[in-house]
Amino acid sequence: MMTTHEKTNEQPTHALSYYDNLTGLAHKRYYHERMSCLLKTAARRNEQFAFLFIDLDDFKDVNDRYGTQLGDQFLHAIAQRLKLVVREVDFIARLEGDQFCIILDNITDDHDVIKVINRCLQKIKKPLTIETHLLTPTASIGAAIYPRDGINESDLISAADFAMHQAKQAGKQGYVFYSKNKSNLATLRREKEYLLREAFKQNQFVLYYQPQLSMTNRQVVGVESLVRWQHPTLGIVAPDYFLDLVEQLELQTQLGNWAIKTACEQLANWHRSGLAFIPVAVNLSPSHFQDHLLIQTVKDTLQKTGIPAEFLELEVTESAMQTKGHIDVFKQLRKIGLKIAIDDFGTGFSCLASLKQLPLDCLKIDKIFIDDMLSNSHTALLLGTIIGLAHALDYSLVAEGVETEEQALKLQHLGCDIIQGYFFSKPLPADDIPSFIKKTLVDN
Ligand code: C2E
Ligand code: CA
Ligand code: CA
């Protein structure tokens, strides 16, 4: 991808430089030289080395949304992070656009390489504030080992490139080692698909519930339902493991309908056991809002379970909010009495100014703001603005992923009173919720 820097600075004096103007890393030209040198020494000394191909995830969105100038600053910042990860003897270069490579010289086994890769992924994914924007960079990495995966430059680079694409396909933000035995991957995927389809047939899903508490009185004001898979061999599995595949198999509507039904039935159960109704939130896939039957399904479920509509909240991502046809669906759902919340607020590309036109009730502030707000004054400032705006528009606010009292108090100070996160409780099995609620009533 072309960046502004490249467009404006393409002068002959730079053409001979070994270093990339934008990032200060080695240039692709230098990389070719270094590679051919390394191939010779490694062969002579009988050594291995690793070639890591790093590609940022969704960099195009950053450029499209914020412009190439900010995109350039983004690349520069990532390059500085990568420099901190490698040893002085290692080689790092910007290949082109948002692609980088690292060569780890003289390695003895894959574990050395995995350590560096994990350090890269951890460093890259720290939230990044540029101007007033909070960005969440992630990358996919493909690894190839000399001589195992190739003994010349082009074989090594295409092996690492292939592995990098597999990392993207596996859901990004991760790494894959090149493997000649590609059929292994295909078999694994077929197996997972089979087990997931069986999970639907045999009803192996279960909802956990994470309490949301008010800081003012430290009592439960609602719960968010989070799906788990009771996997036949792996045990309780979190959704990150299977949601991508659910989407690929187009089973998201089935999962969402099941979650609405299960959450409502659970609420009725708790109520029967003597608990007052509490609001319960259900996460829905953005594409579920294209289902023409959604509104009827919700109505039927509320009626069958006897749950008043205002106790059911649907969580949708910012991207679902931006899809034209969905707005009408949200309006109809709110008309029935349901609440609509924007999930992971701040990580998508919502324009703050457009918020006031949206049919919604609640903003859920994403964990990345919480992680960052105590150490980064820009983030705290941005958070203050979002909270102020939400109040002005009369939306309720929930901060997610709050892990410490310090974070909770800071949020309360900024005007966000409702807290969800490990600080108060992890997601709990349904049976543990009544005692949790009773305990908060006794404690306070
Ligand atoms: P989410 O909706 O943003 O849910 C919050 C995630 O953060 C949950 O992960 C929760 O366990 C975790 N979490 C909560 N508090 C903390 C904390 O203090 N620290 C940390 N580190 N993590 C915390 P989980 O349950 O693995 O769910 C992951 C994502 O899967 C959810 O993110 C949601 O997008 C999706 N998901 C969960 N349940 C459903 C569902 O029933 N349907 C659909 N379509 N998506 C679901
Ligand atoms: Ca959620
Ligand atoms: Ca969230």
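Residue-by-condition table, conditions (1) farther than 29 Å from ILE437 by Cα; (2) among the hydroxyl-bearing types (Ser, Thr, Tyr); (3) touching a Lys or Arg at 6+ places or on another chain (Cβ under 9 Å):
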site: GLN248; (1), (2), (3): yes, no, no
site: THR253; (1), (2), (3): yes, yes, no
site: GLU265; (1), (2), (3): no, no, yes
site: VAL282; (1), (2), (3): no, no, no
site: PRO286; (1), (2), (3): yes, no, no
site: ASP328; (1), (2), (3): yes, no, no
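For the residues LEU441, LEU355, the requirement of being at pLDDT below 90, among the hydrophobic types (A, V, I, L, M, F, W, C) and surrounded by fewer than 19 Cβ atoms within 10 Å (Cβ to Cβ) singles out LEU441.
Test of understanding: among VAL329, VAL282, VAL298, which residue is within 27 Å of the chain's Cα centre (by Cα), more than 16 Å from ligand 3 (Cβ to nearest atom) and in contact (Cβ under 8 Å) with a residue 40 or more places away in the chain?
Residue meeting the stated conditions: VAL329.
In region 52-89, what residues are in a loop (DSSP other than H, G, I, E, B) and within 22 Å of the chain's Cα centre (by Cα)? Write out each step before concluding.
Start the filter on region 52-89 by keeping residues that are in a loop (DSSP other than H, G, I, E, B), which leaves 57-58, 67, 86-89.
If the condition is that a residue be in a loop (DSSP other than H, G, I, E, B) and within 22 Å of the chain's Cα centre (by Cα), then ASP57, ASP58 are the ones that fit.
Looking only at region 420-430, decide whether some residue is at pLDDT 95 or above, more than 16 Å from ligand 3 (Cβ to nearest atom), assigned by TED's automatic domain parsing to the domain that holds LEU302 and over 24 Å from the mean Cα position of the chain (by Cα). There is at least one residue in region 420-430 that is at pLDDT 95 or above, more than 16 Å from ligand 3 (Cβ to nearest atom), assigned by TED's automatic domain parsing to the domain that holds LEU302 and over 24 Å from the mean Cα position of the chain (by Cα).
Quick one: which strands (runs of 3 or more DSSP E) lie wholly within region 189-302 and hold at least 1 residues that are in the same structural domain as CYS416 (by TED's automatic domain parsing), touching a Ser or Thr at 6+ places or on another chain (Cβ under 7 Å) and more than 26 Å from ALA408 (Cβ to Cβ)?
Values: elements: 205-214, 220-231, 235-237, 280-283.
Where strands (runs of 3 or more DSSP E) fall fully within region 189-302, none carries at least 1 residues being in the same structural domain as CYS416 (by TED's automatic domain parsing), touching a Ser or Thr at 6+ places or on another chain (Cβ under 7 Å) and more than 26 Å from ALA408 (Cβ to Cβ).
Output the residues belonging to region 220-252 that are over 20 Å from ARG190 (Cα atoms) and either loosely packed, with under 14 Cβ neighbours inside 10 Å or near ligand 1 (Cβ under 10 Å from one of its atoms) (or both). The answer is GLU224, SER225, LEU226, VAL227, ARG228, ILE236.
What is the one condition in (1) without any contact (Cβ under 8 Å) to a residue 60 or more places away in the chain; (2) more than 16 Å from ligand 3 (Cβ to nearest atom) that TRP270 does not satisfy? Among (1) without any contact (Cβ under 8 Å) to a residue 60 or more places away in the chain; (2) more than 16 Å from ligand 3 (Cβ to nearest atom), TRP270 violates only (1). Give me the residue from region 117-135 that is crowded, with 20+ Cβ neighbours inside 10 Å and of a type in the set (Val, Ile, Thr) and, out of that set, farthest from THR347 (Cα to Cα). In this case the residue turns out to be ILE117. Of the residues in region 109-121, none is in contact with a helix residue (DSSP H, G or I) (Cβ under 8 Å, 6 or more places away or on another chain), of a type in the set (Asp, Glu) and modelled with pLDDT under 90.
Consider region 384-414 and keep the residues that are among the hydroxyl-bearing types (Ser, Thr, Tyr) and not in a loop (DSSP other than H, G, I, E, B). The one that is farthest from VAL223 (Cα to Cα) is THR385.
Give the residue, chosen from ASP431, ASP343, ASP371, ASP417, that is touching a Ser or Thr at 6+ places or on another chain (Cβ under 6 Å) and over 19 Å from SER214 (Cβ atoms).
ASP343
Suppose the filter is within 16 Å of ligand 2 (Cβ to nearest atom), in the same structural domain as MET215 (by TED's automatic domain parsing), within 23 Å of ASP58 (Cβ to Cβ) and among the polar types (S, T, N, Q); does THR347 pass it? In short, yes. For region 393-412, does any single residue satisfy the condition of being small (Gly, Ala, Ser), surrounded by fewer than 20 Cβ atoms within 10 Å (Cβ to Cβ), assigned by TED's automatic domain parsing to the domain that holds LYS364 and away from ligand 2 (no atom under 16 Å from the Cβ)? Scanning region 393-412, I find no residue that is small (Gly, Ala, Ser), surrounded by fewer than 20 Cβ atoms within 10 Å (Cβ to Cβ), assigned by TED's automatic domain parsing to the domain that holds LYS364 and away from ligand 2 (no atom under 16 Å from the Cβ), so the answer is no. Among residues of region 377-405 that are farther than 20 Å from TYR422 by Cβ, those with a beta-carbon under 6 Å from a residue that is of a type in the set (Lys, Arg) at least six positions away or on a different chain give the pairs LEU393/LYS356.
Scanning region 301-316 for residues that are of a type in the set (S, T, N, Q) and either in contact with a Phe, Trp or Tyr (Cβ under 9 Å, 6 or more places away or on another chain) or free of Cβ contacts under 8 Å to residues at least 12 places away in the same chain (or both) returns a single hit, GLN303. The number of residues in region 269-286 that are farther than 21 Å from LEU213 by Cα and either among the acidic types (Asp, Glu) or in contact with a helix residue (DSSP H, G or I) (Cβ under 6 Å, 6 or more places away or on another chain) (or both) comes to 3. Do we find a residue being surrounded by 21 or more Cβ atoms within 10 Å (Cβ to Cβ) and in a loop (DSSP other than H, G, I, E, B) anywhere in region 90-98? Scanning region 90-98, I find at least one residue that is surrounded by 21 or more Cβ atoms within 10 Å (Cβ to Cβ) and in a loop (DSSP other than H, G, I, E, B), so the answer is yes.
The values are calculated or read from the model by the stated rules, or taken from the named source; none is laboratory data. All of these numbers come straight from a predicted model, not from anything done at the bench. Here the Cβ is made from the backbone with ideal geometry for all residues, glycine too, and neighbour counts use every protein chain on show.
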